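**Q** Quick one: the structure is below, and I'll ask about it shortly.
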Amino acid sequence: DLVVQVPRHPGPGETVLGSDYATYPGGKGANQAVAAARAGAQVEMWGAVGSDGFGRFLKENLDQNGVDTRHLRELEGPSGIALITVDRAGQNRIVVSPGANGRYTPAHLPPWTAAALVLLQLEIPLATVQAVAEQAFAQGIPVLLNPAPVAPLPGSLLRQVRYLVLNESEAAAHAQSPVETPAQAEKVAQALQQQGIP
């Protein structure tokens, strides 16, 4: 993640002067894996990094935080990166270049192992997400999906998800309805359940 603090987010065609940028290990899947490992869970990371300095940086961070990286693939080319601006209110705007994540296909998946939970997000191809969810569902392993970045979700995938974790903007996009009040949030949750979420 390349992060810059800004006084406010720029408008179209506008340049805003921000702070010095900071580089952090990131990626939704990696951040969630590290958080779970720090909380005491045994975590195995499936995914891909590129054959660049960012890839080495990302793998080292996972290793240092106790995440099992034996199935983390190194694919030729750049690693995925996120360009993030954060305003004074703490609101962020993120642009992701998928890099190796975007090339992580079902053919790269390792042999299946037992798990207590499978956590997925959409920074890898949807076909790969679906392949993992299908295997987990078939084995009775709960699937937690963080559907970000926002993309259309097939009903077949939603029916395999036990836990759907999203923020306000993601919920609004998936339900095609605003989420600004508790009543709207409840309405959106009901709409998502009608799409197949248990």
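**Q** Say we look at segment 96-114 and pick out the residues that are within 15 Å of residue 135 (Cα to Cα) and among the hydrophobic types (A, V, I, L, M, F, W, C); which of these is surrounded by the most Cβ atoms within 10 Å (Cβ to Cβ)? Spell out the reasoning first.
**A** Just the residues of segment 96-114 that are within 15 Å of residue 135 (Cα to Cα), to begin with: 105-114.
Now restrict to residues that are among the hydrophobic types (A, V, I, L, M, F, W, C): 107, 109, 112, 114.
Details: 107: 8, 109: 15, 112: 12, 114: 6.
Among those residues, the one meeting the criterion is 109.
**Q** Please give the number of the condition residue 172 fails out of (1) under 20 Å from residue 125 (Cβ atoms); (2) assigned to a helix (DSSP H, G or I); (3) under 19 Å from the mean Cα position of the chain (by Cα).
**A** (1)
**Q** Please determine whether any residue of segment 122-140 is acidic (Asp, Glu) and either touching a residue at least 60 places away in the same chain (Cβ under 8 Å) or touching a strand residue (DSSP E or B) at 6+ places or on another chain (Cβ under 8 Å) (or both).
**A** So the first thing to find is which residues in segment 122-140 are acidic (Asp, Glu), and the list is 123, 134.
Narrowing the set further to residues that are either touching a residue at least 60 places away in the same chain (Cβ under 8 Å) or touching a strand residue (DSSP E or B) at 6+ places or on another chain (Cβ under 8 Å) (or both) leaves 123.
Among the residues of segment 122-140, at least one is acidic (Asp, Glu) and either touching a residue at least 60 places away in the same chain (Cβ under 8 Å) or touching a strand residue (DSSP E or B) at 6+ places or on another chain (Cβ under 8 Å) (or both), which makes the answer yes.
**Q** If a residue must be within 15 Å of residue 137 (Cβ to Cβ) and surrounded by 17 or more Cβ atoms within 10 Å (Cβ to Cβ), how many such residues does segment 152-198 contain?
**A** Taking segment 152-198 first, the residues within 15 Å of residue 137 (Cβ to Cβ) are 153-164, 196-198.
Among the residues that remain, those that are also surrounded by 17 or more Cβ atoms within 10 Å (Cβ to Cβ) are: 153, 157-158, 160-161, 164, 197.
The qualifying residues number 7.
**Q** Select, from 60, 44, the only residue that is acidic (Asp, Glu) and under 19 Å from residue 144 (Cα atoms).
**A** Details: 60 fails: under 19 Å from residue 144 (Cα atoms).
Of 60, 44, the one residue that is acidic (Asp, Glu) and under 19 Å from residue 144 (Cα atoms) is 44.
**Q** Of these, 117, 144, which one is loosely packed, with under 15 Cβ neighbours inside 10 Å, over 24 Å from residue 75 (Cα atoms), at pLDDT 95 or above and not charged (D, E, K, R)? Full working, then the answer.
**A** Numbers: 144 fails: loosely packed, with under 15 Cβ neighbours inside 10 Å.
Within the list 117, 144, the selection yields 117.
The values are calculated or read from the model by the stated rules, or taken from the named source; none is laboratory data. Here the structure is a predicted model, which means the values were calculated and not measured. Ideal geometry is used to build each Cβ from the backbone, glycine not excepted, and the neighbour counts take in all protein chains shown.
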